[in-house]
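Enquirer: My questions all concern the structure below.
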Amino acid sequence: MTATTDELMAAALAWLEADPDPQTRQELQDLVAAAGGDGQDAADARAELADRFSGPLAFGTAGLRAALGAGPFRMNRVVVRRTAAGLARFLLDTADGAYTPRAVVGFDARRNSDVFAAESAAIFTAAGIETFLMPSALPTPVLAYAVRALGCEAGVMVTASHNPANDNGYKVYLGGRAVDEGGRGAQIVAPYDAEIAARIDYGPALESVRLAEDGWTVLPAAIADDYTAAVTALADARLFPQRGLKIVLTPMHGVGGATMRAVFEQAGFTEVTMVAAQADPDPAFPTVAFPNPEEAGAIDLALETAADVDADLVIANDPDADRAALAAKDPETGAWRMLRGDEVGALLGAHMAARSAGQDQLPPDNGASGQSRVFANSIVSSRLLGKIAADAGVEHVETLTGFKWISRVPGLVYGYEEALGYCVAPHLVRDKDGMSAALLLAELAADVHASGRTVFDMLDELALRYGLHATDQLSVRVEDLALIPAMMDRLREQPPSSFAGSPVTASTDLSLGSEALPPTDGMLFLSRDQTRVIIRPSGTEPKLKCYLEVIRPVGSAAQLPAVRAEAADALQAIKAEIRAALGLAE
């Protein structure tokens, strides 16, 4: 064996001594045994070990997220214990003896989520933190709600959201006295991520991490009922007589089904059909390759159910229910279609603006007298919301990608990002919430349905008023993460000169930052006809993500089909041009 292999084996053996989980210990023992042999199987095992021990799993603004398995570059009990201990040290250092920090821990139904959550609660309690543990596997928005409702300094949600079945994650919120007022109850951002990471001890020994045998509080099931009641109260009671919509709902094998159904029923939407094969939590996600409503085929079962029951609307939540997708039957084609995230974001923006007309239904989140009300979306989302906000007399702000930024906008009353994330009640949940968003989408659909229109009619009206804003996305998934910075370097050195025949007039390196935005890895291109392309690495997956938007004027309703077709052609051409700029084969 080479010295490098010897070091790798030594690291694996040291890990085995520390690992408290018999399953991951056995997994690693088998891998070590295989790596000691000859042939291709042994080479594959050594490569797998090299990946698992390539370094500690970095703690950042997304917390942690990775595949389950043994080793420091995977999600497991060793990594979670060290992370929980580091977070506990941060909370105690921040309190500096002035108060006793409080933390609440939630979990979904993924493999080991309950174990990771219980051990985190035991570690927080042993450290002297007053700790609450969710009573069962519940959606992420319920945990985010609890952080604010209980006045906690921290919240932890064990979830990998819409990632593949073998992944898990550790999502951290700060609240109470541990963070400035604008970020209370929101996901962590810099510098808090670095301050927590600096307190995580990556040494092999775990003896210093104590776990209490008891002492934390298991919250009553009423915490989910409280969330449900708070969300239901968002609904406009004047529309109750119009709620005869037939809704098909899928929680996509996740934990949102029971809570989402309860919200609908309490708000007057009683004709709700669950997709039977996806109704119950199942960490294997057996009917979908990727449990993400954005992925091709993910909502096929929901659309089949909708056809069977002659539904009016399909709502799909991702497995932890912090995202929502909407599908409806296009009256022009008669076919069911899932709306893009930007389309839903515009519809909700228009609905929120209409709800506030003539009444103060959109107070600023902190309730400050005289503070402006603000709509916000990420820079990779459509520019249409800004025009809707201007018409409604509401301020508009663009932020970096992610709700950790959107949720911190002062005066926020509505925020969204194109990846199916919507915040319609920041005073309840300062994060994306697929259940409160789904309720207001159903309310909107019921409202337009009662007037003999559809959500597609509403999209047409927005296009006529503000111009057609057509968006699309190109994702480049890689096996070798080194390819992503190489492609970004290529873009900076050889930027595209035009998109769909329109010359590029501005190229902005987002990594340099600006007065409006902190630095982030990405490039923004704007062409003469206002076509915009943003290219950035994904924060949670091995992808390079490209966001496209073209804007076309529309003179009349009769022109809409031709304008949409021309915009679709332009988007396809731009995708091909981006692939060429990245050096990718067609």
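Enquirer: State which residue pairs qualify: first residue closer than 19 Å to Thr333 by Cα and inside the stretch 429-457, second residue part of a loop (DSSP other than H, G, I, E, B) and open to solvent by less than 20 Å² (accessible area, probe 1.4 Å) in any location, beta carbons under 9 Å apart, and separation of 6 or more residues or different chains.
Expert: Short answer, once both residue conditions are applied: Ala445/Leu245; His449/Leu245; Val455/Leu339; Phe456/Leu339.
Enquirer: Of everything in the stretch 204-235 that's under 31 Å from the mean Cα position of the chain (by Cα) and not aliphatic (A, V, I, L, M), which residue is farthest from Glu130 (Cα to Cα)?
Expert: Looking at residues that are under 31 Å from the mean Cα position of the chain (by Cα) and not aliphatic (A, V, I, L, M), I get Thr232.
Enquirer: Let me ask something else about it. Which one of these does Ile578 not meet: (1) in contact with a Cys (Cβ under 6 Å, 6 or more places away or on another chain); (2) part of a strand (DSSP E or B)?
Expert: Here Ile578 clears every test but (2).
Enquirer: Right, here's the next one. Would you confirm whether or not the stretch 277-294 contains a residue that is open to solvent by less than 10 Å² (accessible area, probe 1.4 Å) and under 22 Å from Met458 (Cα atoms)?
Expert: Within the stretch 277-294 (the criterion being open to solvent by less than 10 Å² (accessible area, probe 1.4 Å) and under 22 Å from Met458 (Cα atoms)), the answer is no, since none of the residues qualifies.
Enquirer: How many residues does the stretch 369-425 hold that are under 23 Å from Leu468 (Cβ atoms) and of a type in the set (Lys, Arg)?
Expert: Of the residues in the stretch 369-425, 2 are under 23 Å from Leu468 (Cβ atoms) and of a type in the set (Lys, Arg).
Enquirer: List, please: which pairs have Cβ atoms under 8 Å, are six or more places apart or on different chains, and start with a residue in the stretch 301-312 that is touching a residue at least 60 places away in the same chain (Cβ under 8 Å) and of a type in the set (Val, Ile, Thr) and end with one that is surrounded by fewer than 20 Cβ atoms within 10 Å (Cβ to Cβ) and part of a loop (DSSP other than H, G, I, E, B)?
Expert: Qualifying pairs under 8 Å: Val309/Lys246.
Enquirer: So, one more: With the checklist (1) modelled with pLDDT under 95; (2) touching a Phe, Trp or Tyr at 6+ places or on another chain (Cβ under 7 Å) in hand, flag the one item Gln359 doesn't pass.
Expert: (2)
Enquirer: Which residues, taken from the stretch 231-258, are outside any loop (DSSP other than H, G, I, E, B) and open to solvent by 10 Å² or more (accessible area, probe 1.4 Å)?
Expert: Thr232, Ala237, Arg238, Leu239, Phe240, Pro241, Gln242, Ala258, listed by residue number.
Enquirer: Another question about this same structure. Out of the residues in the stretch 295-306 that are of a type in the set (Gly, Ala, Ser) and either surrounded by 13 or more Cβ atoms within 10 Å (Cβ to Cβ) or at positive phi (or both), which is farthest from the chain's Cα centre (by Cα)?
Expert: Of everything passing the filter in the stretch 295-306, Ala306 is farthest from the chain's Cα centre (by Cα).
Enquirer: Okay, moving on. Would you point out the residue of the stretch 139-150, among those that are open to solvent by 20 Å² or more (accessible area, probe 1.4 Å) and of a type outside the set (Gly, Ala, Ser), that is nearest to the chain's Cα centre (by Cα)?
Expert: Out of the qualifying residues, it is Tyr145.
Enquirer: While we're on this one: Which members of the stretch 147-164 meet the condition of being more than 15 Å from Ala186 (Cβ to Cβ) and β-branched (Val, Ile, Thr)?
Expert: Residues satisfying the conditions are Val158, Thr159.
Enquirer: Select the strands (runs of 3 or more DSSP E) contained entirely in the stretch 370-489, then report the ones holding at least 3 residues which are open to solvent by less than 10 Å² (accessible area, probe 1.4 Å).
Expert: Those strands (runs of 3 or more DSSP E) span 374-378, 412-417, 421-423.
Enquirer: If you go through the stretch 518-529 one residue at a time, how many are more than 16 Å from Thr61 (Cβ to Cβ) and surrounded by fewer than 15 Cβ atoms within 10 Å (Cβ to Cβ)?
Expert: Of the residues in the stretch 518-529, 1 are more than 16 Å from Thr61 (Cβ to Cβ) and surrounded by fewer than 15 Cβ atoms within 10 Å (Cβ to Cβ).
Enquirer: Name the single residue, out of those in the stretch 79-95 being of a type outside the set (A, V, I, L, M) and open to solvent by 10 Å² or more (accessible area, probe 1.4 Å), that is farthest from Tyr192 (Cα to Cα).
Expert: Result: Arg81.
Enquirer: If you don't mind, there's one more thing I want to ask. Quick one: which residue in Arg532, Arg536, Arg552, Arg465 is within 20 Å of Glu418 (Cβ to Cβ) and over 29 Å from the mean Cα position of the chain (by Cα)?
Expert: Among Arg532, Arg536, Arg552, Arg465, only Arg552 is within 20 Å of Glu418 (Cβ to Cβ) and over 29 Å from the mean Cα position of the chain (by Cα).
Enquirer: Now for a separate question. In the stretch 314-323, what residues are aliphatic (A, V, I, L, M) and within 16 Å of Arg340 (Cβ to Cβ)?
Expert: Matches in the stretch 314-323: Val314, Ile315, Ala316.
Enquirer: Here's a follow-up. Going through Phe290, Phe285, Phe264 one at a time, which residue ends up being of a type in the set (Phe, Trp, Tyr), at pLDDT below 95 and under 27 Å from the mean Cα position of the chain (by Cα)?
Expert: Phe290
Enquirer: Being closer than 30 Å to Lys404 by Cα, open to solvent by less than 30 Å² (accessible area, probe 1.4 Å) and either acidic (Asp, Glu) or in contact with a Gly (Cβ under 6 Å, 6 or more places away or on another chain) (or both): is that true of Glu515 here?
Expert: Against the criterion (closer than 30 Å to Lys404 by Cα, open to solvent by less than 30 Å² (accessible area, probe 1.4 Å) and either acidic (Asp, Glu) or in contact with a Gly (Cβ under 6 Å, 6 or more places away or on another chain) (or both)), Glu515 does not qualify.
Enquirer: So which pairs qualify, if the first residue must be in the stretch 233-244 and at pLDDT 75 or above, the second must be of a type in the set (S, T, N, Q) and open to solvent by 70 Å² or more (accessible area, probe 1.4 Å), the Cβ gap must be under 9 Å, and the two must be at least 6 apart or on different chains?
Expert: Hits for this filter: Ala235/Gln266; Arg243/Thr270; Gly244/Thr270.
Enquirer: I'm trying to understand the selection: among the residues of the stretch 518-553, which are more than 20 Å from Val504 (Cβ to Cβ) and either without any contact (Cβ under 8 Å) to a residue 24 or more places away in the chain or small (Gly, Ala, Ser) (or both)?
Expert: If the condition is that a residue be more than 20 Å from Val504 (Cβ to Cβ) and either without any contact (Cβ under 8 Å) to a residue 24 or more places away in the chain or small (Gly, Ala, Ser) (or both), then Pro519, Ser538, Gly539 are the ones that fit.
Enquirer: Counting only residues that are among the hydroxyl-bearing types (Ser, Thr, Tyr) and modelled with pLDDT of 95 or more, how many does the stretch 1-43 have?
Expert: Adding up the residues that qualify gives 1.
Enquirer: Considering every residue within the stretch 296-310, establish whether at least one is out of contact with any Gly (no Cβ under 9 Å at 6 or more places or on another chain), among the β-branched types (Val, Ile, Thr), in a loop (DSSP other than H, G, I, E, B) and modelled with pLDDT of 95 or more.
Expert: yes
Enquirer: Is there a residue being surrounded by 13 or more Cβ atoms within 10 Å (Cβ to Cβ), closer than 29 Å to Ala221 by Cα and modelled with pLDDT under 95 anywhere in the stretch 46-62?
Expert: Yes.
The values are calculated or read from the model by the stated rules, or taken from the named source; none is laboratory data. Keep in mind that what you see is a predicted model, and the values were worked out from it rather than measured. FYI the Cβ positions are ideal-geometry reconstructions off the backbone, even for glycines, and counts take in every protein chain you see. What goes into the accessible areas is simple: the full protein's heavy atoms, side chains included, and nothing from ligands, DNA or RNA. Shrake-Rupley method; radii C 1.70, N 1.55, O 1.52, S 1.80 Å.
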